[in-house]
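We did not get these values from a lab; they are worked out from the coordinates using the rules stated. Since the model is a prediction, treat every value here as computed from it, not as a measurement.
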Amino acid sequence: MHAETKQHDFEPKIVAFVCTWCTYAGADLAGTSRMQYPSNVRVLKFPCTGRIDPVFILRAFQKGADGVLVSGCHPGDCHYMAGNFHARRRFAAFRALLSFVGVDLNRLQFSWVSAAEGGKWVDVVTELTERVRTMGPMPEFKELEHEEQWSTFAGASADKVLNSPELKEAYDSIG
Amino acid sequence: MCKSDNIYLPNLATIEAIVDETPDVRTLRLVFQDEQVRENFSFRAGQFAEYSSFGFGESTFCIASAPTRKGYIECCFRSVGRVTESLRRLEVGDTVGVRGPYGNSFPIEEFYGKSLVFIAGGIALPPLRTVIWNCLDLRDKFKDITIVYGARSEADLVYKHELKEWQERGDVRLVKCVDPGGAGPDFDGKVGFVPTVLEEAAPSSENTIALVCGPPIMIKFTLPVLERLGFSDDNIYTTLENRMKCGVGKCGRCNVGNVYVCKDGPVFTARQVKAMSQEF
Amino acid sequence: MPQIITEQNLRNLIDLLVKEAKLVVGPKLSGSVVLYEPLAAGSDLTLDALPRRSSKELFFPICEDILSYKRENGAMKVTDVDRSKFPETVLIGAPPCDAGSPAILDAVMSWDYNDEFYLERRRKSTIVGIACTKGDDACFCRAVGLAPDAEGGSDLFLTPLKDGSYACKAVTDKGQALVAAHQNLFADGAGTEPVPFVDQAVEKLDLVKIKKWLEEHFEDPLWEKIADICVGCGACAFICPACHCFDINDEGSTDDGVRRKHWDACGFAKFTNHASGHNPRDVQNKRYRNRIMHKFKYYDDKFGKTLCTGCGRCIRACPVGIDIAEILETINGKED
Amino acid sequence: MNAKASKTHVTCIEPAYYEAITEAIRKEAVQILKDETVVGVVGYLPGRRKGTASPALVTTAEEAGKLIFSPACVNNLSVYLTKAKKGVLKKGKVGIVAKGCDMRALAGLITESQLQREELFIIGVVCPGVYGFGAERTGTLTEANIARKCRECSVHLPDGADVAAGTHTELADLTPEEAEEMARIEAMPQAERWAFWKEHFSRCIRCMACRQVCPFCYCEQCLCDKNRPQAVESSPRPAGNMAWHLVRAMHLAGRCGGCAECERVCPMDIPLNLLNRRMAKELKELYDFEAGLNPVEKGPLNQYKEDDDQSFIK
C-alpha cells in the first residue's frame, strides 16, 4: 500500500469493523495483491459481524471517527452460520435510530466482502473515504465530547470582559 | 501533603518494586516523586490511602508497609476490579497517584508493655503487617508477639518471605494455617480454619491486645473464640473496609450507620463494632 | 429600613449583573421544564414553578473535573483545576427550600477536609432567596423546620407583595453589598401586603422523636413495607437539594484524561458494592433505609442538622410514588 | 363483565368508572388470596396526596381489600415480576393488576422466558387511560389530563387476562400528539433533529429512572454499569448521556411494549418514548413485528429471514 501522493485538505478517519473470516481476509488479500486503497481506514477485527455491537459504532464516532465501515461475510457464508443474518437486522434497526437522532447515514457503510474479494474491499473503502472526505469532518459526536452541563462550565463567563462604558450606559438607562 | 488545597489531588509516586504475593495478589512498593513529599510523608499504622491508576480511577487500600520504614510505602491488593486490574498492568517505573494517609490508626503507644496477638485471614494480612513490622521495629516495647495467619490454601498465603522471617526469628510466635484441603505436601503449618487454630494456639489474654483482620465470616467466628480466651471487647482491635471513593467523609458510601469508616475508622475496637448498627 | 424592588427592576438587576460579568443563575424555562440555569437576561427569570432540579448544582455541579493528567515525555503530570476561574455568581429566585440547602451542606463539605470546589463556589456566590407563595401538596418545609418565608441561607431575601413588587431584606453583608451596589433599583418603604403562603399538608413533625425512633428501629417491618416497591433509581437523590453523595471516575486514556466527580445516589444497587462482590446494602430496602437514616439521623448525629429541606421534589418525582413526608408522618405518629 | 360487547366514546370519564374497576379488582384479589391461588397480588394503593396512587405488593386479603384503580394508577407493575426485583415476592403464583399496555410487557417477558404464564394470575383492567405526568388530579379523566401515550392507545382491552374489570370506554376525539410530534421530528432537517435530541439528552442527569422502571431492563449487569471495558461513560455529561439513551433504545428495539414508563418517570421530561416508538415503527415496516398482547416465540431481532432487506449493505 503506497501512500497516495495527492494531498488533501482533509484526511477523514475511517474505522472499519470487520469479521475475521471474510472481510479481514479480503482486506489481507487486497494487501498481498498490492492493491491500492486509502490509508485512512483503521481496521478492527472481530470474530463475526454478529459480535459488532452498535455501541462500538457509537464509540468510534465519539472517539473521532468521521466514517465507520462494518463489513463481514456474505449472507449464507457466516462462519457461525447466522451471525451476519442477525447483524443485518440489528444494523437495519440501528441505522433507523441514528437517522432519527440526526446522524447522517452517509458516514456509516455496511458491506459484505468475502475473503476472495480484495477488489471489492478496495472499492468499498475508497468510496466511503472519498464520500466522507467531501462531507468533511463529522462534528456532532466530537463536539458533544467537549460539552458540559452549565454548572461544570461555570468558569467560562469569568473570561468575559468587564466593559465599563457599556456597563455605565446600562446603569444610566435604568432607574 | 499537597501544596494545593484540592483534597482530591494525588501525589505522584513511582513503582519501585513489584512482588507477586500470590497468583492474584500483588504488592507495589511506591516512592514519591516529589522530594519534599518523599521526606515529609508520614503515617500511622492502620491508615489507608487512595491509589490511582490514571485512566481507570482510584482504589482504597491500607498502607501495608510499616510507618517506621521511611522513604517508601507499600500497598497490597488483589486484582478484582477495574482499578486493581489496571494497577496490575503497571510495571516498575510507572506512575501511580497516592492520596492520603486517611483515617485513624492503631494506638500503638497504648500497646506498649503489653503482649500482642495478630489474627489475620487471607488478603487481610497487609493491614496488620504494617502494625507487625511497626511493633517488631520497636520490639523491646512489647512483650510476647503471636501471629495467627491463615488462608484458603498454601498458595494464597501472602508475604511468604516475611512469614518465613517471622518464623525464624526467636521473638515472634507464628502460627500459620490453611483451610482443610489447601495444604501442599511440604506445608509446615497447621491445617484448619483460623478460629479453630487460634483456639488451639490459645494465646494468653492477660495484658494482651488482639488485632484481628479478615473476611466477615472469619471475624464472626473469631470474636467468640477471643471471648472464650478471655479477651475483653476493648482489647480487640480490627480494621474495617468498605467501598470508598473520596476517603475524606464526603461521598457518603462507606458509612456503617452513622459511622464513617473513612473518617471514624478504619480501626475500631470490637466494642465499637458491636455498638455499630446491625448493618455490619 | 425596609426596601422594595419592582418586578421590572428585579429583571433589570439581572440584566445589570449579567453585564457586570457575573454568572446569574435562576429558574428558567428549559425545553418543557423549569431548571436553574444561567440567565442571559432578566426576561429569562421564571418564578411560577419550582425548578425540577435544586439549586445545589450551582455549588455542587452534576459533574465536574477535579484534576487532569497528561503524560509528557514519559512523565505523568497532574494538573489541578484553576478554581480562581470560578465566576462570581448570583443565584436569584431560590425559595427557602433551595436557598437553605447550602447552609446544611457547608457542614459536610468543610468538616476536617475542605472540598474547595464547593467552598470556592460558595464564597463567590450571593443568594437572593424568595418567599415561596406557590407550593403544592408535596411541600413539607414547615415540617422540617423551614418555612415558606425562612431567610436562612439567603443573603438577600425577597417577599412577593400583592402589587407584584418584592419587599427586600438584606440578611447578610453580601446581600447588603448587592443592594448597595445597585441602590437605584431599590426604593424605600414597606410596600403593600405580602402574597399569602399556601397551606401545607404536613405541617409539623417532631424531628427529635423521629430521630429517636430511627435510632431504635434499624430493623423494622416498615422498611420492607415502604421500600420493597422502590425500583432503585436515583431520581430522588439527584433532584434533592441536600443529597451530596458523589462518585469519582477517570475518563480518558492512560496518558491523557481527567478525573471527574459526579453525582451518585445511595439507591443504586452498585453504590456500596465491594469489588469482592460483597454488598453491605444488598437489597433495596436497606438502601432506602440508609437514605432516610442519613437524612434524619446520621447527618444530625454528625453535624446537628437535618439533611432535608422539605421541598417535596422526591415525592413528585418518585416513579413509584414513595412519599417521604408520609413516611415521616407515619414514624411521627408511632407510639413506641 | 363482557367488555367486548360495547364500546362507548365519552368526553370525560367520571370517578364512578374507576370505582367500579376498583370494586372488581378488590373482589378478585381478595378471592385469589383467600383460596391461595396466589401468594401475593401486585396492585395499587392510594397515596397520601389526593388523587395519587403507588404500587403495592399485598399478601393478605385484608390489604387486598384496599387496592384501588384510578387514573393515578400509572405504573406498569410488571417490573415487580422481573429479576430486577428478585426476592421481593415469594415464590409461587402471583396476581397482578394489568392495563393493556402493561400486558404487552408481560407478554414480552413471557416471550423472553422471564415469566411463565402459569405463574401469573392477571387481573386485567379495561383502561380508558391514566393521568399524564404533572396533570391535574381531579379524579375525572379528560382530554386535558390524559397521558400522551393513552391518546393513541390500541390496547384498551386486556385480552388474555384471567379476568377483566371495566367496560370498554374511551375518550372521544383525542389528537394523536405523540404521532404528530414524531412526524414533526422526522420531517426536520437532519441537523435540527440532532439539535433536538442533543438538547434533551444534555438535560439528562443519569438518575437511571428510565432503566429502573422498565420491565425489559432486567439485566443483572447493565452494559452501562460495566467498566471493564467501559462502553458508555458513566458521568452525566452530554456525550455519555447521548450514548446511554441510544444504547437503551437499541436494546429495547423489538422488545419495548410501549408502556412509556421511561418517559413518564424522567424527571427532566425527555421524550424517551419517541425513540422506542421510532424503533417499533421501523421494525414493523421492516419485519412486520408489533409488540402485542400475546407472547411470541422470538422477537424481531432474535430471528432473521434469509431474504431480509439489505438494500443498505454493499
| Among D:111, D:175, D:142, which one shows the biggest mean-square fluctuation in a GNM of chain D, springs joining Cα atoms closer than 10 Å? | D:175
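Using just the helices of chain D, give the 222 nm mean residue ellipticity in deg cm²/dmol: DSSP H runs with n ≥ 4 each add -39,500 (n - 2.57), and the total is spread over all residues, rounded to 500. Present the calculation step by step, with values, prior to reporting the outcome.
Values: 9 runs with 101 residues, N = 314.
Value at 222 nm, helices only, nearest 500: -10000 deg cm²/dmol.
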| task | Consider all pairwise Cα distances in chain D and report the whole-number % of them above 32 Å. | result | 29 percent
| query | At q = 0.11 Å⁻¹, what base-10 log of I(q)/I(0) does the Debye formula yield for segment B:108-239 when every alpha carbon is treated as an equal point scatterer in vacuo? | reply | -0.34
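Based on the Cα coordinates of segment D:177-301, what is the per residue volume of their convex hull in Å³? Walk me through the numbers on the way to the answer.
Numbers: hull volume 15.7 nm³, N = 125.
Roughly 126 Å³ of hull volume per residue.
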| query | So what is Rg over Rh here for chain C, counting just Cα atoms and using Kirkwood for Rh? | reply | 1.00
| query | So which aspartates and glutamates pass the test for residue C:211, namely a Cα distance under 12 Å, with those fewer than 8 places away in the same chain ruled out? | reply | C:300, C:301
| query | Scattering from the C-alpha atoms of segment D:3-171 alone, worked out with Debye: what is log10 I(q)/I(0) at q = 0.20 1/Å? | reply | -1.37
| query | What's the percent breakdown of Cα-Cα distances in segment A:14-173 across 10 Å bins, shortest bin first? | reply | 10, 32, 27, 11, 8, 6, 4, 2
| If one computes the Cα centroid of segment C:123-197 and of segment D:42-67, what distance in Å separates the two points? | 41 Å
| Can you list, largest first and rounded to whole Å, the semi-axes you get for segment D:114-232 by taking the square root of 5 times each eigenvalue of its Cα gyration tensor? | 31, 26, 14
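Specify, per residue and in Å³, the volume enclosed by the convex hull of the alpha carbon atoms belonging to segment C:207-332. Please report the intermediate quantities before stating the final value.
Details: hull volume 16.4 nm³, N = 126.
Per residue, the Cα convex hull of segment C:207-332 comes to 130 Å³.
So which of B:274/D:85; D:66/D:90; C:134/C:162; C:56/C:295; B:250/C:295; C:56/C:174 end up more than 23 Å apart by C-alpha?
On the way: B:274/D:85 31 Å; D:66/D:90 21 Å; C:134/C:162 14 Å; C:56/C:295 16 Å; B:250/C:295 14 Å; C:56/C:174 19 Å.
Pairs exceeding 23 Å: B:274/D:85.
In units of 2.2 N^0.38 Å, what is the alpha-carbon radius of gyration of chain B? Don't skip to the answer; put the middle values down first.
On the way: Rg = 18.2 Å, N = 280, 2.2 N^0.38 = 18.7 Å.
For chain B, the normalised Cα radius of gyration comes out at 0.97.
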| remark: Note to self: Kirkwood Rh of segment C:139-210, Cα pairs, one decimal, Å, is 14.2 Å
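Can you give me the orientation-averaged projected area of the convex hull built on the Cα atoms of segment B:1-135, in nm²?
Values: hull surface 33.6 nm².
Hull-based average projected area comes out at 8.4 nm².
Based on alpha-carbon atoms only, what is the radius of gyration of the protein assembly as shown relative to the globular estimate 2.2 N^0.38 Å?
Values: Rg = 32.0 Å, N = 1105, 2.2 N^0.38 = 31.5 Å.
Computed over Cα atoms of the protein assembly as shown, the ratio equals 1.01.
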| Taking Cα centroids, how far is segment B:1-72 from segment D:243-293 in Å? | 48 Å
| Counting every Cα pair in segment C:3-188, what percent are over 19 Å apart? | 61 percent
| task | Equivalent ellipsoid semi-axes for segment B:170-210, as square roots of 5 times the alpha carbon gyration tensor eigenvalues: give them largest first, rounded to whole Å. | result | 23, 13, 6
| Could you work out the helix-only [θ] at 222 nm for chain B, with each DSSP H run of four or more residues adding -39,500 (n - 2.57) and the total divided by the number of residues, to the nearest 500 deg cm²/dmol? | -7000 deg cm²/dmol
| request: Determine which lysines satisfy two conditions relative to residue B:176: a Cα distance under 17 Å, and not lying fewer than 8 residues away in the same chain. | output: B:160, B:164, B:190
